[in-house]
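Participant: Mind having a look at this structure? Questions to follow.
Just so it is clear, none of the values below were taken in a lab; they were calculated from the coordinates. Model, not experiment: these values are computed from the prediction. Here the Cβ positions follow ideal geometry from the backbone for every residue, glycine too, while neighbour counts run over all protein chains shown.
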Amino acid sequence: MYRIIGLGALVLFLSTATAFAQDPASNASTRPPAIATGDADSKTSAAPLVGKNSFTKEQTRDRLKDHGYSQVKNLQKDQEGVWHATASRDGRTVGVTVDYQGNITQQ
């Protein structure tokens with residue numbers, strides 16, 4: 001009987017320790033996520049990241065518009081998979097890039 005109670009207590013203790021080990025604050029990664037999501041234009045200061053880009057021209061244009069850019073012009077993908085364009089934001093015309101993760105950078 002005491003063995004079962006002891007084994008149950010051990011299992012409970014180990015499962016609690018595992019839960020604490022999965023705390024997102026303690027497991028913060030320095031690597032960017034595979035795809036930028038949410039309201040932020042970029043999830044990494046290393047953007048634009050070079051890589052095979054699967055965004056279509058329309059998806060890239062929509063992403064820029066969703067992040068406050070308008071009048072997107074000259075949208076072209078370079079050999080490294082990064083989209084380049086000029087666009088307006090806050091009354092200014094700026095150069096922008098969108099990488100394969102969806103990170104938007106403004107030049």
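Participant: Students often check this: by mean Cβ neighbours within 10 Å, which of 68-78, 97-107, 54-64 ranks highest, and how do the rest follow?
Facilitator: Highest-to-lowest ranking by the protection proxy: 97-107, 54-64, 68-78.
Participant: What is the gain in length, in nm to one decimal, between Thr56 and Gln107 on full extension, counting 0.36 nm per residue of separation less the C-alpha to C-alpha distance? Kindly include the intermediate steps, with their values, before the conclusion.
Facilitator: Values: separation 51, 0.36 × 51 = 18.36 nm, distance 2.16 nm.
Stretched fully, the Thr56-Gln107 segment lengthens by 16.2 nm.
Participant: How far apart, in nm, are the 7 Å Cα→Cβ label points at Asp90 and Lys73?
Facilitator: It works out to 2.1 nm between the two label points.
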